[in-house]
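Report on the following structure.
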């Protein structure tokens, strides 16, 4: 990987990458694209307290209870249990979100443009994937780095976030 | 007259801005200007020399006109005032000048506000603004890591604000540069550390930023003094660098900048006395939007048969009721009154009368609709045309004025080549002409300055002493007259806008207004023609002749008459035509009642008389005239009021002549 190291923006981005690799925050990973350090791909895992787990667990419990009472047909019960289990296995997929970060030569004096790749159903996220977050606009500071950006997106936006499609 | 008193009292009092119209004072009573022109030459010239000092910048700053409520500030003045405010705050609060500057900017450059807030709760102010009590020094180590680029540098390459957060000089430069290029927000710059709100002041910027950024920052700093301050505004004329400091409260917002541009301080539009700012903005918006709407209205709507306002029908039956105050009910199809419609004419969704008429070809629908639609626009167009005419006449006057001035220049003898260079520089004709005028005036004013220094000597004597022709005096007289005409044109122009917004149903006010306007306009036309003619005559003849002097007297008379008319008009409009009783229009439709002349006498008179027809009309068709002092209804033949023994006013008599000639009464 050959990067142009001359500009302060690129130097700073290399540092950010190194820092991310050495000391990654929980549930966050990111890396620049192979030939372009100004464009990064990142993945955020939802925080552990997504409600989906609770919802599905309670469904599972209900089904078990119902089974004990013996009302439900055995065949039907197995089918439902099976689907719930497979659903539980795939809950992981519900909690992972892909983003891109586009940097400019003004970095770190200007914030990067961050957007979600997958379509999200969330009040602070637009249809095209742009994020409405203060530190990415007027509250930006040159001290924030990639890890800080991703962490703040994770804590403020990912609660109750759902990925559609 | 006001100007005479001022002259008598103190010759040394002066105004800072260019009131070369000869207008007295800050109340901006522009209509008093012709009066100055008309006075005997001594008085006129002296007054002129009072005001003319303001063009010589060395004198301008120290004089302040007593009745002036605004001052013109040049860039140096602004800088000076700014420095004074900073020094004041810095001394009173015992803080550094940089901190004082930050504080002032935050509180809109109001010294009193800063003092109040500071002494009320100093800590809160410090926190909001970002001024720390103590300066925390940068951590003492051989090398430090910059918080932005994460490189390590020796101590001398690092810098910090009062909070002590260290950043390398390169990063500081980038940070400040980005902020400066983002706009005036750079004046409120804070430490890059998001958790810290320490303010970054002008001293740090001067130390760390590049030359261009420093200059931009200083430019924003200077501009902020005018833009953030609620009492000052920039002059809107293109290419003008002056600002106007205004003391609100006198009611009249017309100010004149040193660049000869007059504008309303409140809405920053052109000077529009006597109309108020709301009306002006409505009118201007209407002008820009109307042409596009016209076609649409013609095509898609029908005007109410009674009040002519356009109506668009989007659903429902044919029974239309116009909105209040009209409330006329009519049939949409044939536009006839609804009282004649009903089951027999076809019910609610058809109209037999319309069908019949259409077959007869009486209704050429589109054309008739268009015609009626035009009536509603006609009213607007009527006012707009007159407004626009006066607008263009204004420019035309400038042109003819300057042509005349150029002729005069040859007599005075300034540098013509310079003038031409000046006029080439400016692309717009109007500003070009104004520029020339200003140059001419600047050429002339040094002479008047000399006269002032000479003390009691009148302008006339000085000119004679310097062997200038006596005619020079006349020239200046005329020039001010021309400027006065321009001023009157402008007032007239805005009265048309006023007239458009006058409610239709207030007939008395409308007629009163139209009467006043008519008198003023005719007076102005006569004056204008007279003045132009004189100029022509003057340019051809060399020395003053006998008939020329007579002419000049006539001109003086005309000027004072016009001045009166305009004063009445302006005063009436500013009172909102309140001295007209709007109820008393009982016979408005039938007689040509004119409301003019006796505005004040009409006040609460509606109750005092028995018969409605003679209640508040000067002349009505029952053969009586109401005295304007006691409102008694006298017989037509009387010339002296029976009750109060006051003579009937001449204007009323004139009106009587008019009406009898036209066979109304």
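The values are calculated or read from the model by the stated rules, or taken from the named source; none is laboratory data. Worth saying up front: this structure is predicted, and the values here are computed from it rather than measured. Neighbour counts run over all protein chains shown; Cβ positions are idealised from the backbone, glycine included.
In the stretch B:167-177, what count of residues is obtained for those that are at the interface with chain A (Cβ under 9 Å from one of its Cβ atoms) and surrounded by fewer than 18 Cβ atoms within 10 Å (Cβ to Cβ)? Residues meeting the conditions: 1.
Answer yes if at least one residue in the stretch B:269-290 is surrounded by 12 or more Cβ atoms within 10 Å (Cβ to Cβ), farther than 18 Å from residue B:496 by Cβ and out of contact with any helix residue (DSSP H, G or I) (no Cβ under 8 Å at 6 or more places or on another chain), and no otherwise. There is no residue in the stretch B:269-290 that is surrounded by 12 or more Cβ atoms within 10 Å (Cβ to Cβ), farther than 18 Å from residue B:496 by Cβ and out of contact with any helix residue (DSSP H, G or I) (no Cβ under 8 Å at 6 or more places or on another chain).
Is there a residue being away from chain B (no Cβ under 14 Å), at negative phi, in a loop (DSSP other than H, G, I, E, B) and touching a strand residue (DSSP E or B) at 6+ places or on another chain (Cβ under 9 Å) anywhere in the stretch A:129-138? Explain how you work it out, then say what you get.
Taking the stretch A:129-138 as the starting set, the residues that turn out to be away from chain B (no Cβ under 14 Å) are A:129-132.
From the residues that got through so far, the ones that are at negative phi too are A:130-132.
When the remaining residues are screened for being in a loop (DSSP other than H, G, I, E, B), the result is A:132.
Applying the additional criterion that residues be touching a strand residue (DSSP E or B) at 6+ places or on another chain (Cβ under 9 Å) yields A:132.
For the stretch A:129-138, residues away from chain B (no Cβ under 14 Å), at negative phi, in a loop (DSSP other than H, G, I, E, B) and touching a strand residue (DSSP E or B) at 6+ places or on another chain (Cβ under 9 Å): present.
Residues in the stretch B:121-134 that are surrounded by 13 or more Cβ atoms within 10 Å (Cβ to Cβ) and outside any helix (DSSP H, G or I): B:130, B:131, B:132. Any residue at all in the stretch B:209-229 that is in a loop (DSSP other than H, G, I, E, B) and within 24 Å of the chain's Cα centre (by Cα)? Within the stretch B:209-229 (the criterion being in a loop (DSSP other than H, G, I, E, B) and within 24 Å of the chain's Cα centre (by Cα)), the answer is yes, since at least one residue qualifies.
Checked against the criterion of being more than 14 Å from every other protein chain (Cβ to nearest Cβ) and either closer than 16 Å to residue A:151 by Cβ or at pLDDT 65 or above (or both), the candidates A:118, A:6, A:90 yield just one match: A:118. For the stretch B:97-114, the set of residues classified as in contact with a helix residue (DSSP H, G or I) (Cβ under 7 Å, 6 or more places away or on another chain), touching a residue at least 24 places away in the same chain (Cβ under 8 Å) and over 25 Å from residue B:194 (Cβ atoms) consists of B:109, B:111, B:114, listed by residue number.
Just need a number here: residues in the stretch B:238-264 that are part of a loop (DSSP other than H, G, I, E, B) and at pLDDT below 85. I'd like the intermediate steps shown before the answer.
Within the stretch B:238-264, the first condition is being part of a loop (DSSP other than H, G, I, E, B), and the residues that meet it are B:238-242, B:247-253, B:257-261.
The next check asks that each one be at pLDDT below 85; those that pass are B:247-253, B:257-261.
Of the residues in that region, 12 qualify.
The criterion of being in contact (Cβ under 8 Å) with a residue 12 or more places away in the chain and surrounded by fewer than 17 Cβ atoms within 10 Å (Cβ to Cβ) holds for residue B:143.
In this entry, residue B:181 is excluded by the filter for residues that are under 41 Å from the mean Cα position of the chain (by Cα), at pLDDT 90 or above and away from every other protein chain (no Cβ under 14 Å).
Quick check: anything in the stretch A:22-42 assigned to a helix (DSSP H, G or I) and at pLDDT 85 or above? Yes. Against the criterion of being surrounded by 14 or more Cβ atoms within 10 Å (Cβ to Cβ), within 14 Å of chain A (Cβ to nearest Cβ), modelled with pLDDT of 90 or more and under 51 Å from the mean Cα position of the chain (by Cα), residue B:163 does not qualify.
Only one of the numbered conditions (1) modelled with pLDDT under 90; (2) within 24 Å of the chain's Cα centre (by Cα) is not met by residue A:74, and that is (2).
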